[in-house]
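Notes for the one structure printed next.
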Amino acid sequence: MTSVKPSIGRAGAIMMASLLLSRFLGIIRDMIMAWRFGQNAETDAYRLAFQVPDLLFYLVAGGALSSAFIPVFSEYLHTDREEEAWTLFSSVTTLMSVAILLLIAVCWIFAEPLARLVAPGVDPQSLPLIAEMSRILLPAQFAFFIGGLMFGTLYSRQVFSVPGLGPNVYNLGIIFGALVISNFVVPGVMGMTWGALVGAILGNLVIPFWAMARMGSRYRPMIDLSHPGVRKVFKLMIPVVAGLSLPSVYGLVLQYFGTFYRQHGINTALDYANRLMQAPLGVFGQSLALAAFPALAQFYAQKRMDAFGSQLQKTLTTVVYLSVPVAALFFFFSEPVVDAFFQHGRFTDANSKAVAGCLQFFAIGVAPWCLQPVLMRAYFAVQNTVTPIVMGTITTLVFISLAATFTALKWSYIYLPLAGSIAAIVLVLMLVRGVGKFAVDLHPPELVRDSAKALTAAIAACLLPWLVWRYGGTAVTGVTGAASLALLTLVVLLVGWTYYAVTKALKMPQTAYIERALAKIGRPAPDQPAE
């Protein structure tokens, strides 16, 4: 039996670094968009143009394709059946390529009716622009689908650096579109869609294909529906296609209800705030989930369920420790955060307040959203897609019901993020309860205890800086421009060190990771003598 020892620490560091860079570039991308185009009907159209491609991604369960593929591919790869592993890859890739290209063609033809379906409250005059930008973005979905399968083979072989490039190249493409291509198209915001297409193809198709070719990967066009691995992959995907997983449809539903407020800039404000919330989700939640997933799948394939549960517990507590202070910062300092990042160029003070109101309610769900991808992959690793999707469907209905109620009551659009945060909390509680049935070394009471400690420390760390900001007068609250970013950096450093000190006093074991990292920074290189 082939047994490659998974290096979760190294994988987590690589994925966290790449996703940290991706989120940083994402913030830069949004800052450039706010500076160049402001927050108006055209930026709403740009955001809503992603609705049709996102709908295609959801309908084909794009997010679940790689999650269903990786554990089956890993099972063959780590049990000395490498030839069958590549037969599986070839069959799934060929079949999905044909299906996705046909669906892209259909969506391209009916882009405007589909845009009307997913954005019913939008100004009808914006629909042609939304449809035109959607058509530009649709081919990128082929890159995301097939790139996801190629990334899956690389993850299974403990290669994380190349998949980490995908989102970074994508963001660089959009930035290039905003700064360069926008000067040659009308309206200028359309340049970002062309940049997104170029970035998706380069980051998700060209680079991983080159990496796989160098590693000796084998692909030949074929469709073998009789292969047991192929049948297993699609069997695992069926519940995802049939269900309404909250993470899969969250963005679609949020933007759908945002169109009913009939005020220019609302969809953009929701998107900016959501992307800020997504930053810790990507850096802490998705990075550690992606790093742990191949190892969890390998532990399951090798019947080492004690190691499975222990690894899951460690990953979850680490995610809690890292995400809770960020949630507290977003909640207490929503306005300074938005001012520092976005209030430049055509982005006004009113635009900033609109985004900040959304961010405060998004903050409530930061930690649950970060925990969710780790928990979902624990189920996928044991090849159980039914249970998490049933839970996801239930919580999606909760989210839709709350969002519909808030909209019908004519409550402010800032309550739409609150509906999502409540649903995320419900989903995580259900997932934790269910995962304990097969993760033998998982201890939910310890997770609750660590969460309470982290929340206590985060509130203690934020309280004094918040009081200074809230009641410090215009010398603090009136800061704008580059000074606002410098002030926010100072607050983050102060809150971070205070949080570390309090959690160390509370004897949280995660502080040891920070101490080891600091020790490595201060340690001389092997060929340099210590002074």
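So Y155 ticks every box in (1) within 16 Å of the chain's Cα centre (by Cα); (2) open to solvent by 10 Å² or more (accessible area, probe 1.4 Å); (3) at pLDDT below 85 but one. Which box is left unticked?
(1)
Any residue at all in the range 208-228 that is aromatic (F, W, Y), without any contact (Cβ under 8 Å) to a residue 12 or more places away in the chain and assigned to a helix (DSSP H, G or I)?
Yes, the range 208-228 contains at least one residue that is aromatic (F, W, Y), without any contact (Cβ under 8 Å) to a residue 12 or more places away in the chain and assigned to a helix (DSSP H, G or I).
Is it the case that some residue within the range 330-353 is charged (D, E, K, R), without any contact (Cβ under 8 Å) to a residue 12 or more places away in the chain and open to solvent by 10 Å² or more (accessible area, probe 1.4 Å)?
The answer is yes, given that some residue of the range 330-353 is charged (D, E, K, R), without any contact (Cβ under 8 Å) to a residue 12 or more places away in the chain and open to solvent by 10 Å² or more (accessible area, probe 1.4 Å).
Conditions: (1) farther than 16 Å from W466 by Cα; (2) open to solvent by less than 20 Å² (accessible area, probe 1.4 Å). F284 meets all but one. Number of the miss?
Answer for F284: the failing condition is (2).
Those residues that are open to solvent by 20 Å² or more (accessible area, probe 1.4 Å) and touching a residue at least 12 places away in the same chain (Cβ under 8 Å), I need them from the range 385-404; list them, please.
Scanning the range 385-404 gives V386, T387, V390, M391, T393, I394, L397, V398, I400, L402, A404.
Out of all the residues in the range 347-388, which are polar (S, T, N, Q), assigned to a helix (DSSP H, G or I) and under 26 Å from P444 (Cβ atoms)?
Q372, T387 - these are the residues of the range 347-388 that are polar (S, T, N, Q), assigned to a helix (DSSP H, G or I) and under 26 Å from P444 (Cβ atoms).
Kindly provide the set of residues from the range 485-510 that are of a type in the set (A, V, I, L, M), in a helix (DSSP H, G or I), open to solvent by less than 80 Å² (accessible area, probe 1.4 Å) and in contact (Cβ under 8 Å) with a residue 24 or more places away in the chain, ordered by number.
L485, L487, L488, V491, V492, V495, V502
In the range 150-167, what residues are among the aliphatic types (A, V, I, L, M) and outside any helix (DSSP H, G or I)?
Selection gives V159 alone.
Is it true that L371 is farther than 15 Å from G258 by Cα and surrounded by fewer than 18 Cβ atoms within 10 Å (Cβ to Cβ)? Even if it seems obvious, please write down each step before you answer.
On the way: farther than 15 Å from G258 by Cα: yes; surrounded by fewer than 18 Cβ atoms within 10 Å (Cβ to Cβ): no.
So L371 does not fit the description; no.
Of all residues in the range 182-204 being farther than 17 Å from F50 by Cβ and free of Cβ contacts under 8 Å to residues at least 24 places away in the same chain, which is most open to solvent (accessible area, probe 1.4 Å)?
The selected residue is F184.
So, I201, is that one assigned to a helix (DSSP H, G or I), closer than 17 Å to G38 by Cα and at pLDDT 95 or above or not? Don't jump to the end; show me each part of the working.
Numbers: assigned to a helix (DSSP H, G or I): yes; closer than 17 Å to G38 by Cα: no; at pLDDT 95 or above: yes.
Against the criterion (assigned to a helix (DSSP H, G or I), closer than 17 Å to G38 by Cα and at pLDDT 95 or above), I201 does not qualify.
Which one of the conditions (1) modelled with pLDDT of 85 or more; (2) open to solvent by less than 80 Å² (accessible area, probe 1.4 Å); (3) more than 30 Å from Q313 (Cα to Cα) does L464 fail to meet, given that it meets all the rest?
(2)
Would you tally the residues in the range 46-61 being under 16 Å from the mean Cα position of the chain (by Cα), of a type outside the set (S, T, Y) and either modelled with pLDDT of 70 or more or open to solvent by 10 Å² or more (accessible area, probe 1.4 Å) (or both)?
Within the range 46-61, residues that are under 16 Å from the mean Cα position of the chain (by Cα), of a type outside the set (S, T, Y) and either modelled with pLDDT of 70 or more or open to solvent by 10 Å² or more (accessible area, probe 1.4 Å) (or both) number 3.
In the range 63-76, which residues are at pLDDT 80 or above and open to solvent by 20 Å² or more (accessible area, probe 1.4 Å)?
Correct list: E75 only.
Which one of these does K235 not meet: (1) surrounded by fewer than 22 Cβ atoms within 10 Å (Cβ to Cβ); (2) among the charged types (D, E, K, R); (3) touching a residue at least 60 places away in the same chain (Cβ under 8 Å)?
Among (1) surrounded by fewer than 22 Cβ atoms within 10 Å (Cβ to Cβ); (2) among the charged types (D, E, K, R); (3) touching a residue at least 60 places away in the same chain (Cβ under 8 Å), K235 violates only (3).
Give me the residue from the range 77-98 that is closer than 13 Å to F145 by Cβ and open to solvent by less than 40 Å² (accessible area, probe 1.4 Å) and, out of that set, farthest from the chain's Cα centre (by Cα).
T94
For the range 289-310, does any single residue satisfy the condition of being open to solvent by less than 10 Å² (accessible area, probe 1.4 Å) and closer than 22 Å to D30 by Cα?
no
Considering only the range 294-304, I want to know if a residue exists there that is part of a loop (DSSP other than H, G, I, E, B), in contact (Cβ under 8 Å) with a residue 40 or more places away in the chain and either over 19 Å from L21 (Cα atoms) or hydroxyl-bearing (S, T, Y) (or both).
yes
With the condition kept exactly as written, say whether any residue in the range 212-228 is in contact with a Phe, Trp or Tyr (Cβ under 6 Å, 6 or more places away or on another chain) and open to solvent by less than 40 Å² (accessible area, probe 1.4 Å).
Checked against the condition, which is being in contact with a Phe, Trp or Tyr (Cβ under 6 Å, 6 or more places away or on another chain) and open to solvent by less than 40 Å² (accessible area, probe 1.4 Å), the range 212-228 yields no hits at all.
Which count do you get for residues in the range 408-446 that are closer than 18 Å to N274 by Cα and open to solvent by 30 Å² or more (accessible area, probe 1.4 Å)?
The total comes to 7.
The values are calculated or read from the model by the stated rules, or taken from the named source; none is laboratory data. Keep in mind that what you see is a predicted model, and the values were worked out from it rather than measured. For neighbour counting, all protein chains shown are included, and Cβ atoms are generated from backbone atoms with ideal geometry for every residue, glycine included. Heavy atoms of the whole protein, side chains included, go into the accessibility calculation; ligands, DNA and RNA do not. Shrake-Rupley method; radii C 1.70, N 1.55, O 1.52, S 1.80 Å.
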